[in-house]
Amino acid sequence: MIDDKQFDEIYEIMEGSFPESEIRTYARQRALLSNPNYRLITETDADGKIIAFLASWEFSTFGFVEHFAVSPLLRGSGLGAKLLSQYIEQSQIPIRLEVELPESDFAKRRIGFYERCGFHLNTYDYVQPPLREGQADLPLNIMSYPDRLTEAEFFHFRDTVYTEVYKRLK
């Protein structure tokens, strides 16, 4: 169970790693902790401070990594690859995640990181619904592990995530 101090450490990393359009408000993010499908995996330093986390949703047919980040001071250290590899090894079901469109060098590097970890880029049209009031849909791509998605698998993923994660009707 994540306590208040741990959640604050996770949210601090989240705010330093994602644009506002890709994270919920503090209260809405914290409320997810009571959802039985939502799971947080953390990595701590020698002092017990959280330095990386992976936030996933576990459904019967796939896992969805919604947020995954390493403390800015430790990026490039291999910690992210280690945490993601552990998650993949423990998962008994295929894994999906969202990435920015490959329109910037940073987005291309992020996609390359996931490809080196065994993920495949799928190019079906997809948007992340707004996570905060007044925001627009965010066009993204879906990456999948261990295989590319068929069209039917993509639509199943999209419909499940829209309904269960984003609370948006199909």
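The values are calculated or read from the model by the stated rules, or taken from the named source; none is laboratory data. None of the values given here were measured: they were computed from a predicted structure. Neighbour counts run over all protein chains shown; Cβ positions are idealised from the backbone, glycine included. Ligands, DNA and RNA are excluded from the accessible area calculation, which covers all protein heavy atoms including side chains. Shrake-Rupley method; radii C 1.70, N 1.55, O 1.52, S 1.80 Å.
I'd like the full set of residues that are under 17 Å from the mean Cα position of the chain (by Cα) and assigned to a loop (DSSP other than H, G, I, E, B), limited to the range 22-47. Hits for the range 22-47 are 23, 24, 25, 35, 36, 37. Scanning the range 147-160 for residues that are surrounded by fewer than 18 Cβ atoms within 10 Å (Cβ to Cβ) and either over 23 Å from residue 118 (Cα atoms) or among the hydroxyl-bearing types (Ser, Thr, Tyr) (or both) yields 150, 159.
Of all residues in the range 23-47, those satisfying the criterion of being open to solvent by 30 Å² or more (accessible area, probe 1.4 Å) and touching a residue at least 24 places away in the same chain (Cβ under 8 Å) are 25, 28, 33, 37, 40, 41, 42, 43.
If we keep just the residues of the range 121-159 that are within 14 Å of the chain's Cα centre (by Cα) and polar (S, T, N, Q), which is nearest to residue 60 (Cα to Cα)? Taking the candidates together, the pick is 144.
Taking each residue of the range 115-128 that is assigned to a strand (DSSP E or B) and looking for partners that are polar (S, T, N, Q) and modelled with pLDDT of 95 or more with beta-carbon atoms closer than 7 Å, six or more apart or interchain, yields 120/144; 121/141; 122/141; 122/144; 123/141; 126/141. Among the conditions (1) part of a helix (DSSP H, G or I); (2) exposed (fewer than 14 other Cβ atoms within 10 Å of the Cβ); (3) in contact with a Gly (Cβ under 9 Å, 6 or more places away or on another chain), residue 82 misses just one, which is (3). Restricting attention to the range 7-22, the residues being within 19 Å of residue 130 (Cβ to Cβ) and without any contact (Cβ under 8 Å) to a residue 12 or more places away in the chain number 2. Annotation: residue 115 fulfils all but one of (1) within 18 Å of residue 20 (Cα to Cα); (2) surrounded by fewer than 19 Cβ atoms within 10 Å (Cβ to Cβ); the unmet one is (1). Scanning the range 119-146 for residues that are loosely packed, with under 12 Cβ neighbours inside 10 Å, more than 20 Å from residue 107 (Cβ to Cβ) and either of a type in the set (Lys, Arg) or modelled with pLDDT of 95 or more (or both) gives a single hit, 146.
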